[in-house]
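Enquirer: Have a look at this one.
None of the figures in this text is laboratory data; all of them are computed from the coordinates on show. If you're wondering where the values come from, they're calculated on a predicted model, not measured in any experiment. For neighbour counting, all protein chains shown are included, and Cβ atoms are generated from backbone atoms with ideal geometry for every residue, glycine included.
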Amino acid sequence: VALVGIPACIAGLGFTGAGIAAGSIAAKMMSAAAIANGGGVAAGSTVAVLQSIGAAGFSLGAKIGLASSVGSLGA
């Protein structure tokens, strides 16, 4: 559930495969991050990581780590 639910929530915020959706929470986050960093969004920032997940999904390592941590919580 988490492997599908989390990316769906991220997309719901406006972080999509086509980029950040105009007028979304993601757009507001990106604007705030750019203002705080003098005009750009820093690599590795929360906005950059969420957009990466929104565009490509979780990496294999992230899927394994998430599945193992969520699986232990369920047990």
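Enquirer: Sequence-distant or interchain residues sharing an amide H contact under 5 Å with Ile20, placed H: which?
Expert: HN-HN under 5 Å from Ile20: empty list.
Enquirer: Now, a different point. I'd like the FRET efficiency for Ala43 and Ala18, computed as 1/(1 + (r/R0)^6) with the beta carbon distance as r and R0 of 22 Å, rounded to 0.05.
Expert: Details: r = 20 Å, r/R0 = 0.92.
The calculated FRET efficiency here is 0.60.
Enquirer: Report the label-to-label distance for Ala56 and Ala33 in nanometres (one decimal), using points 7 Å from each Cα along the Cα→Cβ vector.
Expert: Label-label distance for Ala56 and Ala33, simple model: 1.5 nm.
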